[in-house]
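Each reported figure results from applying straightforward, stated rules to the coordinates on display, with no laboratory input. Source: prediction; values computed, not measured. Neighbour counts run over all protein chains shown; Cβ positions are idealised from the backbone, glycine included.
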Amino acid sequence: MQSIVEYLGPSSGGRCGYCKEEESTKSSIGIWAHRLTVQHYNDILDRGMRRSGRYIYKPIISETCCPQYTIRLDVHKFNLSRTQKRVLRRMNDFLLYDIKPKKSEGEEDLEIRIKHTVSESGTLGNNTGGSVAPSVWSSNSGAVKEDATSGHDEIENNTKPKREPGHKKKIMRRKRAFERMRAKAIDVEEFMKKRAEKEQSRRRTLESFLLPYDEKKFKHRLEIRLVKLLSREFETTVDESFAVFEKYQTIIHKDDHCSRRGYLNFLANSPLFHEEDLSSSPKSVDLGSYHQQYVLDGRIIAVGVIDILPRCLSAKYFYYDPEFSFLSLGTYAALREIAFTLELAKERPELHFYYMGYYIDSCPKMRYKGRFRPSDLLCDHSFTWVPLDECVRRLRASGEKAIAFAPDRPAPEQVDVDSSVDLGSYHQQYVLDGRIIAVGVIDILPRCLSAKYFYYDPEFSFLSLGTYAALREIAFTLELAKERPELHFYYMGYYIDSCPKMRYKGRFRPSDLLCDHSFTWVPLDECVRRLRASGEKAIAFAPDRPAPEQVDVDSVCCLFKMCAMPYAVLKTHPEFTEKEDFMEEYAQLVGPIAKEILLIRA
């Protein structure tokens with residue numbers, strides 16, 4: 001199935017939800033997605049867009065008061081900071097020993113997990129997708145002791161980096177130590193390299209903080225449930241989940257009223273779909289939209305709304321019960337999402353990026369995303385990725401809110417809407433002096449132009465329009481091949497040697513016929529010789545070539561009662577009574593694509 005969208009164009013107005021200034025300007029451009037493949041959504045994420053329900057928008061950074069840049073992290077390169085380790089340790093202490101931090105971490109969380117406010121989410125729709133089967137990814141946290149290792153410096157909210165007391169003294173001590181080493185003929189660079197390698201080997205990984213639940217050791221149990229949108233599991237937990245959202249919006253964002261309908265449109269209405277290749281090895285988690293529920297002792301205390309895409313996990317929104325602010329759930333959930341992305345990458349190696357939405361350097365409370373290092377920002381000029389630190393330096397040095405992070409890189413090639421011809425079915429009209437005198441009905445396919453039918457005004461028979469149109473279609477195929485090199489065949493339908501008036505197709509040379517035994521192509525002249533020498537009407541043109549491998553009927557993809565399933569599953573359904581002979585005939589007729597296209601069965 002194809003993606004289906006509507007172009008809505010630019011929109012502006014309304015108070016900015018980030019700076020909240022009276023004279024703020026909010027400007028974006030967007031589309032409405034009725035259906036969107038996960039691949040297409042991943043592609044437009046890489047052009048600076050983002051979804052809110054079915055509304056997919058891109059801030060116009062040159063016009064908005066708070067320019068927003070897409071930020072992502074390669075999870076294979078992620079390094080924990082000291083603050084992030086502290087959050088993990090405190091969570092583990094709570095789960096293991098029921099120890100709550102002496103000082104609340106809630107103040108930090110008010111700044112470090114505000115992905116989007118509802119006021120920034122754009123237009124919310126009422127459409128909902130179909131029901132899908134649930135999938136669960138569950139893990140538990142444990143507690144472990146750790147060695148003290150240094151993390152990366154944080155990007156602070158102030159323009160100037162903060163310095164701890166004694167920072168200058170520390171630099172002087174290091175300088176004197178280097179001087180003593182040089183006096184002893186010690187290679188300082190080699191010493192620092194070995195020290196860095198030693199520190200790297202001692203560095204704790206994110207996974208090492210996450211241990212399986214042990215009921216004998218833990219005071220609390222934390223489960224992380226991956227719930228597919230609109231699945232049965234989603235429906236059974238939606239009331240509890242909405243209650244947490246309502247409490248979060250009321251206390252944290254001071255919303256006077258939260259409607260269930262608005263909640264569902266914003267966080268449970270996704271246009272994304274994924275057609276898994278049934279011939280590939282099954283994956284434990286399908287691509288698509290999910291709620292990741294954090295369940296503490298059987299109670300939902302937080303929910304992360306995520307999209308799992310071909311190349312990334314995109315974090316859309318997060319909300320939590322303010323009663324548990326002391327656990328720094330915003331930071332903790334982001335770390336768990338990074339850990340989950342690492343797990344997904346084991347089955348899907350190309351899926352190793354964690355998208356955090358938009359980074360807004362002009363808004364101090366939105367700079368927290370830069371603490372997940374090393375991150376990159378998307379250049380709004382070239383749509384290429386540039387290291388965050390470099391972007392921040394350029395932004396603050398320029399004094400501008402919106403700049404190109406990679407001005408030396410070319411802008412992407414503009415799409416010429418008139419240059420290419422889409423695949424599909426067409427009528428090719430021959431118009432003489434404003435009058436249609438002939439029409440060719442054709443299908444333009446990935447590897448060929450297929451001539452389906454041709455008709456003309458008999459008044460113009462003297463122009464040999466049939467032959468002329470075939471030659472024009474061949475010329476058109478040559479043009480198409482310039483843009484699509486694999487499209488270089490012209491299919492003329494069926495050749496019938498026993499019918500003299502149908503032999504004309506053999507005049508377009510050199511042509512091939514399809515062997516009905518091996519489904520391979522054989523030169524026309526050879527086929528005609530074999531046919532006429534044998535005296536038979538039907539023969540194998542390539543009898544020495546093997547017949548194609550038979551399709552396993554159990555792998556045929558079927559649609560039964562609006563549910564997709566392989567035939568191996570369908571035939572066990574108590575309401576399905578059809579004989580297998582029919583499926584065998586169908587599978588051998590269409591060949592391997594029977595595993596990919598849905599066959600409707602009543």
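Which values, in whole Å and largest first, are the semi-axes of the equivalent ellipsoid of the chain obtained as the square root of 5 times each eigenvalue of the Cα gyration tensor?
Working: eigenvalues 657, 184, 151 Å².
They are 57, 30, 27 Å, listed from largest to smallest.
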Study note, to complete from the structure: Note, L432: beta-carbon cut-off 15 Å, +1 each Lys/Arg, -1 each Asp/Glu, net -1
Exercise for review: Could you tell me which of the pairs K26/K369; K198/K365; K283/K579; K198/K369; K58/K228; K346/K561 are separated by over 24 angstrom between their Cα atoms in the structure shown?
Suggested key: K198/K365; K283/K579; K198/K369; K58/K228; K346/K561
Check your understanding: Around Q428, which amide H atoms from residues at least 5 apart in sequence, or from another chain, sit under 5 Å from its own amide H, with H modelled in the peptide plane?
Key -> G440, V441, I442
Revision key, fill the gap. Segment 40-89 and segment 434-489 have their Cα centres apart by a whole-number Å value of 48 Å
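Using 0.36 nm times the number of residues separating I4 and I496, minus their current alpha carbon distance, what extension gain do you get? Numbers along the way, then the final one.
Working: separation 492, 0.36 × 492 = 177.12 nm, distance 4.15 nm.
The span from I4 to I496 would gain 173.0 nm if fully extended.
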Review point. Summing -39500 (n - 2.57) over the DSSP H runs of n ≥ 4 in the chain and dividing by its residue number, what mean residue ellipticity at 222 nm do you reach, to the nearest 500 deg cm²/dmol?
Key: -8500 deg cm²/dmol
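When only C-alpha pairs under 8 Å and at least 6 residues apart count, what is the relative contact order of the chain, in percent? Show your work: numbers first, answer last.
On the way: 989 pairs, mean separation 86.1, N = 602.
Computed value for the chain: 14 percent relative contact order.
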Revision key, fill the gap. If amide H atoms are modeled at 1.01 Å from N in the peptide plane, then the residues at a separation of 5 or more from S375, or on another chain, having amide H under 5 Å from its own are L388
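Tell me, what is a quarter of the convex hull surface for the C-alpha atoms of segment 553-601, in nm² with one decimal?
Values: hull surface 11.6 nm².
The directionally averaged projection comes out at 2.9 nm².
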Study note, to complete from the structure: At the level of C-alpha centres, the distance separating segment 560-574 and segment 193-261, in angstrom, is 35 Å
Practice item. Report relative contact order for segment 558-602 in percent, whole number only (criteria: Cα-Cα under 8 Å, sequence separation at least 6). Key: 60 percent
Point to revise | Spatially proximal aspartates and glutamates relative to K194 (Cα-Cα < 14 Å; intrachain offsets below 8 disregarded) | key: none
Check your understanding: Using 1/(1 + (r/R0)^6) with R0 = 25 angstrom and r between the beta carbons of R82 and R393, what's the FRET efficiency to the nearest 0.05?
Key -> 0.60
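If you average 1/r across every pair of different Cα atoms in segment 424-534 and take the reciprocal, what Kirkwood value do you get, in Å?
Values: mean 1/r = 0.0645 Å⁻¹.
Hydrodynamic radius (Kirkwood, Cα pairs) of segment 424-534 is 15.5 Å.
Just want the ordering: S28, S81, S425, from fewest to most Cβ atoms lying within 10 Å of their own Cβ.
Details: S28 21, S81 17, S425 11.
The fewest-first ordering by Cβ neighbours comes to S425, S81, S28.
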Review point. Can you list the residues, at least 5 places off or on another chain, whose amide H is less than 5 Å from the amide H of C558, using H built in the peptide plane?
Key: M565, Y567, L599
Point to revise | Contact order relative to length of segment 424-534, as percent, for alpha carbon pairs under 8 angstrom and 6 or more apart | key: 17 percent
Point to revise | Partners for K452 among lysines (Cα-Cα distance below 21 Å; same-chain residues under 8 apart left out) | key: K501, K505
Review point. For the Cα atoms of the chain, what angle does the longest principal axis make with the long axis of helix 188-202, in degrees from 0 to 90, nearest 10?
Key: 80 degrees
Review point. What angle do you read, to the nearest 10 degrees and between 0 and 90, between the alpha-carbon axis of helix 232-251 and the longest principal axis of the chain?
Key: 40 degrees
Review point. Hey, with R₀ at 60 Å, roughly what FRET efficiency would L514 and E179 work out to, going by the Cβ-Cβ distance, to 0.05?
Key: 0.15
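Would you list S3, S314, S289 from fewest to most Cβ contacts within 10 Å?
Details: S3 17, S314 24, S289 27.
Final ranking by Cβ density, sparse to dense: S3, S314, S289.
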Exercise for review: Fewest Cβ neighbours within 10 Å first, please rank M91, M192, M565, M583 accordingly.
Suggested key: M192, M565, M583, M91
